[in-house]
Amino acid sequence: MAYIPVEEHLPGITGLLEFRKDTAAPIRALTQELLRGPSTLTEAERELIATVISSGNECNFCSAAHTAAVEALSGDSMIVEQVKRDYRTAAVSDKMKTLLHIATLVRVSGKSVTPESIDDAKAAGATDIEIHDTVLIAALFCLYNRYVDGLGTALPDDVSYYKTLGERLVNHGYTRLPQGYDHLKKNK
Amino acid sequence: MFRPETGKYLYEIAQTLLRGPSPLKESEREMIAAYVSNKNNCGFCMNSHAAAARCLLGDEESLMDDILNDPDSSAVSNKMKALLNIAAKVQVSGREVSQEDIDNAREAGANDLDIHDTVLIAASFSMFNRYVDGLNSLTPENKDDYKEMGIRMVEKGYSLPKQKK
């Protein structure tokens, strides 16, 4: 049970975004721009950054949801596990390794990011905008993870929820469904 | 501005949370923002939001520094003390917030929206602070610069500056 009354059929972030739609709107819009807007990073790479932060913050809901999104986008069911274990040995580009390194520093504190970590990313071919977006995605998921766990939201009853959610994040993105989410209520 | 595509939504988040409808006063919301930014050691955010809070507090402006020092020995309401305790937990991790913290806030008079807005403001400044410091943005040293900034944040709110061509 969450600490505030959210709809029972909407676990994790999904209930919070419906609880207060006015504060949700710009957060949804920022997420849509960062994770789905024009970028030289692929959508799977951006989702991978979101997953690594959520996993590091031990936010089970966000971690499982964005893992599902990476898998749906990349068709690779191994990559998230590899990156969570050690991004330095995972099957991602050298540039992504340096960006994931920056993201893990941001997760601890903005002050942890060193000039060397930025230089390494640039040497591996990262652009200013890629570095900017990596920092902002990492920071945004530090928001989401705190929001989801700080209000004690519930996990879904059934893990198949994440696969459905991951597919929704791929096919529809982060904007609110025009018809809302009442269709997700279980028929009892 | 470096990236107005994302910048405009960051301004909207700040405007909605700190100036939009809420049972919490604008001064209380700015105090939460400054309190979390101070814990994250983000000088720019702490100084600018503390300046905005002082401007909003008027005669009671010393409350801001009292809170930064120690909320429990300050003259803020018990409800604010309980909400600042929740904000401090959120700053560390969402997982730190316990049912007891929530119960204490409710006993002190906090409602669902007070609790929701406190958690989301604290979470948002955990983002803003990382964004500002992660990209090592310029931080003015002069205290007077922040005072003017705080007045502007109170008078104009949070909106994307007009782009210069």
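For region B:112-165, state which chymotrypsin sites (Phe, Trp or Tyr not before Pro) are in a DSSP loop and have at most 14 other beta carbons lying within 10 Å of their beta carbon.
Details: sites: B:Phe125, B:Phe128, B:Tyr131, B:Tyr146, B:Tyr158; in loops: B:Tyr158.
For chymotrypsin sites (Phe, Trp or Tyr not before Pro) across region B:112-165 that sit outside H, G, I, E and B with at most 14 neighbouring Cβ atoms in 10 Å, the list is empty.
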Send over the per residue convex hull volume for chain B, Cα only, as a whole number of Å³. 120 Å³
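Which whole-number value in Å² is the accessible area per residue of the protein assembly as shown, probe 1.4 Å? Intermediate results must be reported in sequence, preceding the final value.
Working: 15990 Å² over 353 residues.
Normalised by residue count, the accessible surface of the protein assembly as shown is 45 Å².
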Carbon plus sulfur, as percent of the 1.4 Å-probe accessible area of the protein assembly as shown, comes to 48 percent
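Would you mind estimating how fast the protein assembly as shown diffuses translationally, via Stokes-Einstein at 4 °C and 1.567 mPa s with the Kirkwood radius over Cα pairs, in µm²/s? Could the numbers behind the result be given before it?
On the way: Rh = 20.7 Å.
Taking Rh from Cα pairs, D becomes 63 µm²/s.
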Two decimals is fine: what's Rg over Rh for region A:101-176, C-alpha atoms, Kirkwood radius as Rh? 1.09
In region B:1-55, the chymotrypsin sites (Phe, Trp or Tyr not before Pro) that fall in loop regions by DSSP, at most 12 other Cβ within 10 Å: B:Phe2
Using Cα-Cα distances under 8 Å and only pairs 6 or more residues apart, what relative contact order does region B:4-156 have, in percent? 31 percent
The set of cysteines in the protein assembly as shown having no other cysteine's C-beta under 4.7 Å reads A:Cys142, B:Cys55
Expected max-MSF residue from A:Ser160, A:Ser55, A:Ser63 in the GNM of chain A (alpha carbon, under 10 Å) is A:Ser160
Please report the Cα spread of region B:71-165 along all three principal axes, rounded to whole Å, starting with the longest. 52, 28, 24
Can you give me the orientation-averaged projected area of the convex hull built on the Cα atoms of region A:4-136, in nm²? 8.8 nm²
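What GluC sites (Glu not before Pro) does region B:5-95 have in DSSP loop regions with at most 14 other beta carbons within 10 Å?
Values: sites: B:Glu5, B:Glu12, B:Glu26, B:Glu28, B:Glu30, B:Glu60, B:Glu61; in loops: B:Glu61.
Answer in residue order: no site qualifies.
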On a 0 to 90° scale, report how tilted helix B:43-57 is relative to the longest principal axis of chain B, with both axes built from alpha carbons and the result rounded to the nearest 10. 70 degrees
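Would you kindly calculate the mean projected area, averaged across all directions, of the convex hull enclosing the Cα atoms of region A:1-56, in square nanometres? Let's see the in-between values first.
Numbers: hull surface 19.5 nm².
Averaged projected area of region A:1-56's Cα convex hull equals 4.9 nm².
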Taking only Cα atoms, what is the 0 to 90° angle, nearest 10, from helix A:94-108's long axis to the longest principal axis of chain A? 60 degrees
Inter-chain shielding metric for A:1-7, i.e. average beta-carbon neighbours from other chains within 10 angstrom, reads 4
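The values are calculated or read from the model by the stated rules, or taken from the named source; none is laboratory data. Just so it is clear, the model here is predicted, and its values are computed rather than measured. When we count neighbours, we look across all protein chains shown, and the Cβ atoms used for this are built from the backbone with ideal geometry, even at glycine. Calculation scope for accessible area: heavy atoms of the full protein, side chains included, ligands and nucleic acids excluded. Shrake-Rupley method; radii C 1.70, N 1.55, O 1.52, S 1.80 Å.
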